[in-house]
1. Relative contact order for the chain: what percent, with Cα pairs under 8 Å and sequence separation of 6 or more?
2. Tell me the label-point distance for the pair residue 287, residue 64, using the 7 Å Cα-to-Cβ offset, in nm and rounded to one decimal.
3. In degrees from 0 to 90, rounded to the nearest 10, what is the angle of the helix 36-47 Cα long axis to the longest principal axis of the chain?
4. What ranking do 193, 298, 232 get, fewest neighbouring Cβ atoms within 10 angstrom at the top?
5. Which of the peptides 156-162, 129-135 is most tightly packed, and how do the rest follow, going by the mean number of other Cβ atoms within 10 Å of each residue?
6. Taking 0.36 nm per intervening residue step and subtracting the Cα-Cα distance, what contour gain separates residue 317 from residue 260 on full extension?
7. Cβ neighbours within 10 Å, averaged per peptide: list 176-182, 79-85 in order, most packed at the top.
8. Does segment 79-175 come out rounded, prolate or oblate, given a ≥ b ≥ c as the square roots of the eigenvalues of its C-alpha gyration tensor, rounded meaning a/c under 1.5 and, failing that, prolate meaning a/b above b/c?
Ligand SMILES: NC(=O)c1ccc[n+]([C@@H]2O[C@H](COP(=O)([O-])OP(=O)(O)OC[C@H]3O[C@@H](n4cnc5c(N)ncnc54)[C@H](OP(=O)(O)O)[C@@H]3O)[C@@H](O)[C@H]2O)c1
C-alpha cells in the first residue's frame, strides 16, 4: 500500500538558513551556557545578532554571561560604536529530571513569547562526565549521566519540536568522540553519548520531511573546565572507594581496588592535557549546522576525533581495544 506524502511536508530544501537581521530577529535555545563550549556558543551567536535563550542552573551564571556579552558587544565602524543587535536571555533550566525540564521549558516559552522571535534552533550542549570504574557506578550515577547527557536533551527537544517544525529550524546535539571509543571509567558517559548519536540519526530521518535539519557535533578533547573537574572527582571517588575496600577487605577479591585502571585514566588525561583544541572550533561547527544552506549531519572537532572515528571504521573494535590497552600500559609505566 502506498502512502502519499502530506502537503505540509517540505523536506530540507525548505529549511531555514542564514543569519538574523534587525527586521528578522531569530531565537536559539542553548543549554549549559555557564562555562566551556555552551558559553562560547551563546556569546558567539548573540554577537551575530541572535536572541539567545541561555540555559543555566544558577542566576549568577546567567548574570555573568549577560555582563560578558554586553562588555564585548561593541565594535567601531567609521568612528561610531556598532552593536550586534543580539541579546542573551538567561533562563534557569536544569536537565536533571522531567519535572525540572518542564519548569524550565515554561520559562523558555514565556521568554520566547515576550521577545516575539521565532525559535529557529536548539543546541543540546549541557553535559557532565561522571568517570568511574563500571563496577562502582550506582544506579543513581547512571541516572545522572543519562538525564544530563541524553534524556534531558530528548525531553527538551520533544517540547521544542512544534516550534522548530513551524520555523523549519535546526537541532544541534553535542555528542562526543567517546561515543565511538570507550576508555576505562567512561562507561556511563560513553553510553549516554552513543545514545545521543543513535537518537539523532533517528530524528534526522523523521524530521527531514518537515525541513528540520538535525546535526551531531562530536568533539575530541576541547579545552574547558569540564575534563579537569571530572578527573578530580574520579580520583577523589577512587581514593574513597579504595579506603572503604581496604577497611572491609573481601577475601579472594584483592584486585577490586582498580588502582591500575584509574591511574591509566589519569595518565591518559596528563597525556592529552596539552592536546585539546579551543572552544572556538566547536562553535564554528555549531554555527555551520545552524546557518548553512547545506548543513552536515555529523561534525567531528579536532584531529583526535577524526583519527579515532576513522580508526574505528577501518580497524574495527577488537584491534582498537587492544591498541588502547597497549597505549594505557605505556602511559602508566
Ligand atoms: N570538553 C571536552 O573535551 C568535550 C569533548 C567532547 C564533548 N564534550 C561535550 O560538550 C558539552 C559541553 O562540555 P564542556 O566541556 O563545555 O563542559 P563544562 O564546561 O563542564 O560545561 C558543562 C555545562 O553543562 C551544564 N550542566 C551540567 N549538568 C547540567 C544539568 N543537569 N542541567 C543543565 N545544565 C547542566 C553545566 O552547568 P553548571 O555550571 O551549572 O554545572 C555547564 O554549563 C558536553 O555535552 C560535553 O559532554 C566536551
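Throughout, read-outs are computed from the coordinates displayed, never taken from laboratory work. Computed from a prediction, not measured in an experiment: that's the story for all the values here. Cβ: placed from backbone, ideal geometry, glycine included. Neighbour counts: every protein chain shown.
1. Normalised by residue count, the contact order of the chain is 20 percent.
2. Placing both labels 7 Å beyond Cα along the Cβ direction yields 2.4 nm.
3. 10 degrees
4. Ordered by Cβ neighbours within 10 Å, fewest first: 232, 298, 193.
5. On the way: 156-162: 16.9, 129-135: 20.0.
Most protected by this proxy first, the peptides run 129-135, 156-162.
6. Working: separation 57, 0.36 × 57 = 20.52 nm, distance 2.22 nm.
Working it through step by step, the gained length comes to 18.3 nm.
7. Ranking the peptides 176-182, 79-85 by packing returns 176-182, 79-85.
8. Prolate, because a/c is 1.5 or more and a/b exceeds b/c.
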